[in-house]
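Colleague: Pasting in a structure now, in structure tokens, and then I'll have a few things to ask.
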Amino acid sequence: MNESKPASLRKLVLMAALQLSTVWDLITTLLGILLILDSRNLVAVSLAVIGTLIVVAFNFSTRPIWRRRQRYSAYGLQLLVLRLVWLMALVVDLWTSLTCNAWFIGSQQSYSVALGDLLGGLNLGQLVIVVFITLVTGVSPMLVGYLRDQDIDTLLN
């Protein structure tokens, strides 16, 4: 019988932090889409929910999407399209999350939800924190998907 090794404290803490970060990414993606659409009607909320689910599904699937080598095969074109959609999902995720995080921090200074206006209203410290948090939360679902089945202690030692 193949016994699984118990998870280390390091893995539990890292995975918990990444999962919490992933929840924040979901929230900021959803709210960022709603901010950008500038509407709270049923269609806008539906688009935001569906868009968020698409983004997070592609983000979690990063490893399988990029694991396969493209080479000239019957699936080459489909794989290329899948990777392009993955890239678009990543850009949308970072854009909407950055918009939402910047709006949360600087909403008192600007009435515009344009990303440039929101970022321009932040001081340097706020900008660094908002960009850092957005990047870390943006890659958290990828890391959860990648590290879920990995032995983190072996990777880090």
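Colleague: What FRET efficiency do you get for VAL91 and SER8 if R0 is 30 Å and r is their Cβ-Cβ distance, rounded to the nearest 0.05?
Modeller: Values: r = 35 Å, r/R0 = 1.16.
Computed FRET efficiency for VAL91 and SER8: 0.30.
Colleague: Further question: I need the calculated FRET efficiency for the pair ALA114 and TRP66, taking r as the beta carbon distance and R₀ as 25 Å, to the nearest 0.05. Don't skip to the answer; put the middle values down first.
Modeller: Values: r = 32 Å, r/R0 = 1.28.
About 0.20, to the nearest 0.05.
Colleague: Once Rh for the chain is found with the Kirkwood sum over Cα pairs, what is the Stokes-Einstein diffusion coefficient at 10 °C and 1.306 mPa s, in µm²/s?
Modeller: Once the numbers are plugged in, D ends up at 92 µm²/s.
Colleague: Another question about this same structure. Expressed as a rounded percentage, what relative contact order does region 18-157 have, with Cα pairs under 8 Å and six or more residues apart?
Modeller: Averaging sequence separation for qualifying contacts and normalising by length gives 38 percent for region 18-157.
Colleague: Using the Karplus equation 6.51 cos²θ - 1.76 cosθ + 1.60 (θ = phi - 60°), what ³J(HN,Hα) coupling, rounded to whole Hz, does each residue of region 84-91 give in order, writing x for Gly and Pro?
Modeller: For region 84-91, the Karplus-derived couplings read 5, 5, 4, 4, 4, 5, 5, 4 Hz, x marking Gly and Pro.
Colleague: Using a 7 Å offset from the Cα along the Cα-to-Cβ direction at both ILE50 and VAL23, what is the distance between the two label points in nm, to one decimal?
Modeller: For ILE50 paired with VAL23, the spin-label model returns 2.8 nm.
Colleague: While we're on this one: With a ≥ b ≥ c the root eigenvalues of the C-alpha gyration tensor of region 88-132, is it rounded (a/c under 1.5), prolate (a/b larger than b/c) or oblate?
Modeller: Note, shape of region 88-132 comes out oblate.
Colleague: Scan around ASP151 for amide H atoms under 5 Å from its own, H built in the peptide plane at 1.01 Å from N, and keep only partners 5 or more places away or cross-chain.
Modeller: none
Colleague: Once you charge only the Cβ atoms, +1 for Lys and Arg and -1 for Asp and Glu, what is the size of the charge dipole of the chain about its Cα centre, to the nearest 20 debye?
Modeller: Here the chain has a charge dipole of around 560 debye.
Colleague: Another question, if that's okay. What's the angle, to the nearest 10 degrees (0 to 90), between helix 124-147's Cα axis and the longest principal axis of the chain?
Modeller: Between helix and principal axis, roughly 30 degrees.
Colleague: Show that you can apply the helix-only estimate: for the chain, add -39,500 (n - 2.57) for every DSSP H stretch of four or more residues, divide by all residues, and state [θ] at 222 nm to the nearest 500. Can you show the working numbers first?
Modeller: Numbers: 7 runs with 120 residues, N = 157.
My calculation for the chain gives -25500 deg cm²/dmol from helical runs alone.
Colleague: What is the packing order of peptides 139-149, 113-123, 92-102, taking the mean over residues of other C-beta atoms within 10 Å and listing the highest first?
Modeller: Highest to lowest by the protection proxy: 92-102, 139-149, 113-123.
Laboratory data are not the source of any read-out in this text; all were calculated from the coordinates shown. Remember, predicted model here, so these are calculated numbers, not experimental data. Methodologically, a virtual Cβ is constructed for each residue, glycine included, from the backbone with ideal geometry; neighbour enumeration extends over all protein chains shown.
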